[in-house]
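The values are calculated or read from the model by the stated rules, or taken from the named source; none is laboratory data. Predicted, not measured: the structure shown is a model, and the values here were computed from it. Every residue, glycine among them, receives a Cβ derived from its backbone with ideal geometry; neighbour counts consider all protein chains shown.
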């Protein structure tokens, strides 16, 4: 990709690799740990990404797309902007999958590394930029989880070669798509309010009381929506399972 | 009065779902975890909800359109 080889005057040409080497320096920003909440400076959570501060205009999908196109053209600043907007929600999702903070931090960097390398593959027809990023995060997270599980199960010398990230075998892919489809269908049973409450609580890592404040709803209402929503989903998933 | 699910009539049951998706602050989470250990009703509710929370790994992010969702969401309080 044009521009990919002329990006960094100070060191490694890949900003993500440089971030790894620097340890704390990400994409040319001043030293600070990327995963320490810093609500003043960066959008920290899905809530902040999606339900942004009402005093600021919401980020349009066109802006996200423009950033990805700039990244594809080798613009480190655009990668940094994407990172600032999405890194916490990526981290949160991977944390949910791997249940290990250190692993999640590492895999989050892998995801932005992938974004840097694959930005030119993004097509608007495939979905939103955030969805594209999150799919990569999910796929990376699941690959890593499998890797960790296999490491525990199989003695090192006997282990078969692991698939590289993003190259899951076809059976895995089918199972993955089936589960995704099952959840997607089940989500239809939720009211928009229930879905919003669950989505915000789950992906933002905020306690329900802060979710309530963010959504401007009473705490009891949010508790009830989370609960009723989860029970509806349980029933819908069970019904879907029986049908198939 | 909070609704009951699966006949769980425990007065603390309203927080089990939030616990299942890690939406409790640490002090409340510890408190509820201790309660769950001694309350069969809440334990059973948690066991039925955990698999649901596990499926959220497959949450379809691709249908989230930031601008649409932001417009639909109620105006959040500005917490500064």
Query - Top-ranked residue in region A:212-226 [being within 7 Å of another protein chain (Cβ to nearest Cβ) and part of a helix (DSSP H, G or I); ranked as surrounded by the most Cβ atoms within 10 Å (Cβ to Cβ)] - result: A:226
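Considering region A:118-136 alone, what residues qualify as being more than 9 Å from every other protein chain (Cβ to nearest Cβ), assigned to a helix (DSSP H, G or I) and modelled with pLDDT under 90?
A:124, A:125, A:136
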Requested in this report: Give the residue that is farthest from the other protein chains (Cβ to nearest Cβ), with candidates limited to residues of region A:86-102 that are more than 9 Å from residue A:141 (Cβ to Cβ) and over 8 Å from the mean Cα position of the chain (by Cα).
Outcome: A:102
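Quick check: is even one residue across region A:160-168 under 22 Å from the mean Cα position of the chain (by Cα), assigned to a helix (DSSP H, G or I) and either more than 10 Å from chain B (Cβ to nearest Cβ) or modelled with pLDDT of 85 or more (or both)?
Looking through region A:160-168, none of the residues is under 22 Å from the mean Cα position of the chain (by Cα), assigned to a helix (DSSP H, G or I) and either more than 10 Å from chain B (Cβ to nearest Cβ) or modelled with pLDDT of 85 or more (or both).
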Report task. Select from region A:181-199 the residues that are more than 9 Å from every other protein chain (Cβ to nearest Cβ), touching a residue at least 40 places away in the same chain (Cβ under 8 Å) and assigned to a helix (DSSP H, G or I) and list them in ascending order. Result -> A:185
**Report entry** Residue within region B:34-46 that is modelled with pLDDT of 70 or more, within 7 Å of chain A (Cβ to nearest Cβ) and either surrounded by 14 or more Cβ atoms within 10 Å (Cβ to Cβ) or not in a helix (DSSP H, G or I) (or both) present
**Finding:** no
Query raised in the report: Would a scan of region A:142-158 turn up a residue that is part of a loop (DSSP other than H, G, I, E, B), at pLDDT below 85 and surrounded by fewer than 15 Cβ atoms within 10 Å (Cβ to Cβ)?
Result: yes
Requested in this report: Taking only region B:18-48 into account, find how many residues are in contact (Cβ under 8 Å) with a residue 24 or more places away in the chain, farther than 30 Å from residue A:132 by Cβ and within 14 Å of the chain's Cα centre (by Cα).
Outcome: 5
Query raised in the report: Looking at this structure, is residue A:233 at negative phi, modelled with pLDDT of 90 or more, surrounded by 23 or more Cβ atoms within 10 Å (Cβ to Cβ) and assigned to a helix (DSSP H, G or I)?
Result: yes
Query raised in the report: Given the conditions (1) farther than 22 Å from residue A:67 by Cβ; (2) surrounded by 14 or more Cβ atoms within 10 Å (Cβ to Cβ); (3) at pLDDT 85 or above, and given that residue A:102 satisfies all but one, which numbered condition is not satisfied?
Result: (2)
